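What follows is a set of notes on a single structure, which appears directly below.
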């Protein structure tokens, strides 16, 4: 197998790299859809305490994400810098995922809180060790502006498949078992195996080119200076803020959906078909997203997708509980259309901002950038979980009973107006993103001059 080259990639490289995204997306979608509900309705922890436990786990990433990013930048092995992390991180990632949905039989709030906090910190650490090095491979695969969108498209196909498994098939899988407790354990075990396999595929599918000379300067720089340099990168900050804000919005919605279907619509089984509609629509529109981004720009295409998503949320809040499931299914179609841009474009944009930083500083440090990226995503998810837990408690939510008008209103607000605020803020940053195709061509010219001077 030839070493990874700039420019156009082979079909097997695109699919091999894209397959690794299945593990990351399965983690995110299952955590988003099911973790909060598992902790409150299965383990019996108060919603606000569940939100705090998730927040603590994410704050722990403030240590692990930048550290793993830096370590993957300077790792030396016969497999390269990133791939050893995939090889040795695959099994711990899958095993930690299984433990997250294991019920230890605890009864006290303090004991349950400590268990959830510890296991979630363990899972976040395992995720970090596998996925930050995996994501850091993307800028090294190609420096072609449009090819990065195409590669992100392959990545997104596996993200959608993972969403289908975590969002639509989780419930039927759990239904194969006699009790809900056994169902969550069985689901965790099956998904844990799939996660392990997914992380290993890019290890065996890709090879890394030698980069020791390019990275000599980066290796001598301490982690605090590296992170400071990354935050000086204005295009990176802009897309980072966008991604975090939209991640908060998406997480609020996905985490709340099971409550919406179970308590507002009265049947959580209906959520399976709704997810299938949304996921199938996203999959169909991914190629269209890639084509459109080449025509009008990555940030504009992303913004249009999020505007469509926001519009569907407004309709859901005002009419979903009145008209019923038919309208909800229609809205899931439009939500899927919007989400197709969310699956593809951030991952295509970030490598461009990393190249911008390299052109300005002469330091290439993909691991540091993706360490910050991953940490901020997790903070966004944690804040969403905390907001969800606090607001559910504030509106008087109590699991597994007929909800009051107040708690039903809270669930509806969390499916519409509250997440919309974060989407609008994210869209505002998108319109301020400065790198288009012409700007990126100049960045590449600057990089060529830089690397020619190094030789």
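Of the residues that make up the stretch 144-158, is at least one in contact (Cβ under 8 Å) with a residue 40 or more places away in the chain and part of a loop (DSSP other than H, G, I, E, B)? Can you show your working first?
Let us first name the residues in the stretch 144-158 that are in contact (Cβ under 8 Å) with a residue 40 or more places away in the chain, namely 144-158.
Pick out the ones that are also part of a loop (DSSP other than H, G, I, E, B) and you get 144.
Yes, the stretch 144-158 contains at least one residue that is in contact (Cβ under 8 Å) with a residue 40 or more places away in the chain and part of a loop (DSSP other than H, G, I, E, B).
Mind checking which residues of the stretch 168-186 are closer than 21 Å to residue 43 by Cβ and touching a residue at least 12 places away in the same chain (Cβ under 8 Å)?
170, 171, 173, 174, 180, 181, 184, 185, 186, listed by residue number.
Of 410, 396, 380, 385, which residue is farther than 19 Å from residue 352 by Cα, touching a helix residue (DSSP H, G or I) at 6+ places or on another chain (Cβ under 6 Å), buried (at least 21 other Cβ atoms within 10 Å of the Cβ) and free of Cβ contacts under 8 Å to residues at least 40 places away in the same chain? Give the derivation first.
On the way: 396 fails: buried (at least 21 other Cβ atoms within 10 Å of the Cβ); 380 fails: free of Cβ contacts under 8 Å to residues at least 40 places away in the same chain; 385 fails: free of Cβ contacts under 8 Å to residues at least 40 places away in the same chain.
The conditions single out 410.
From the list 189, 162, 168, pick out the single residue that is modelled with pLDDT under 80, within 30 Å of residue 274 (Cα to Cα) and surrounded by 15 or more Cβ atoms within 10 Å (Cβ to Cβ).
Numbers: 189 fails: modelled with pLDDT under 80; 162 fails: modelled with pLDDT under 80.
Answer to the selection: 168.
Give me a count of the residues in the stretch 96-121 that are within 18 Å of residue 174 (Cα to Cα) and modelled with pLDDT under 95. Show your work before the answer.
Within the stretch 96-121, the first condition is being within 18 Å of residue 174 (Cα to Cα), and the residues that meet it are 97-104.
Filter once more, so that each one left must be modelled with pLDDT under 95: 102-104.
The number of residues fulfilling the criteria is 3.
Among (1) part of a helix (DSSP H, G or I); (2) over 15 Å from the mean Cα position of the chain (by Cα); (3) surrounded by fewer than 24 Cβ atoms within 10 Å (Cβ to Cβ), there is one condition residue 86 misses while meeting the rest; what is its number?
Single failed check for residue 86: (3).
For the stretch 21-38, indicate whether the set of residues that are part of a loop (DSSP other than H, G, I, E, B) and modelled with pLDDT under 90 is non-empty. Let's see the steps before the verdict.
Here is the first cut: in the stretch 21-38, the residues part of a loop (DSSP other than H, G, I, E, B) are none.
No, because not a single residue in the stretch 21-38 is part of a loop (DSSP other than H, G, I, E, B) and modelled with pLDDT under 90.
Quick check on my filter: what residues within the stretch 324-341 are surrounded by fewer than 22 Cβ atoms within 10 Å (Cβ to Cβ) and either touching a residue at least 24 places away in the same chain (Cβ under 8 Å) or over 19 Å from residue 414 (Cβ atoms) (or both)?
324, 325, 326, 329, 330, 333, 334, 337 - these are the residues of the stretch 324-341 that are surrounded by fewer than 22 Cβ atoms within 10 Å (Cβ to Cβ) and either touching a residue at least 24 places away in the same chain (Cβ under 8 Å) or over 19 Å from residue 414 (Cβ atoms) (or both).
Residue-wise test of (1) within 27 Å of the chain's Cα centre (by Cα); (2) modelled with pLDDT under 95.
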| position | (1), (2) |
| --- | --- |
| 384 | yes, yes |
| 387 | yes, yes |
| 393 | yes, yes |
| 402 | no, yes |
| 415 | yes, yes |
| 427 | yes, no |
| 432 | yes, yes |
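What pairs come up if the first residue lies in the stretch 438-455 and is more than 17 Å from residue 142 (Cα to Cα), the second is at pLDDT below 85 and assigned to a helix (DSSP H, G or I), and their beta carbons are under 9 Å apart, counting only those six or more places apart or on different chains?
454/213; 454/214; 455/213
Within the stretch 228-247, is there a residue that is without any contact (Cβ under 8 Å) to a residue 40 or more places away in the chain, surrounded by fewer than 20 Cβ atoms within 10 Å (Cβ to Cβ) and out of contact with any helix residue (DSSP H, G or I) (no Cβ under 9 Å at 6 or more places or on another chain)?
Taking every residue of the stretch 228-247 in turn, at least one turns out to be without any contact (Cβ under 8 Å) to a residue 40 or more places away in the chain, surrounded by fewer than 20 Cβ atoms within 10 Å (Cβ to Cβ) and out of contact with any helix residue (DSSP H, G or I) (no Cβ under 9 Å at 6 or more places or on another chain).
The values are calculated or read from the model by the stated rules, or taken from the named source; none is laboratory data. No experiment lies behind these values; they were computed from the predicted model shown. Quick reminder, even Gly has a Cβ in these numbers, built from the backbone with ideal geometry, and neighbours come from all protein chains shown.
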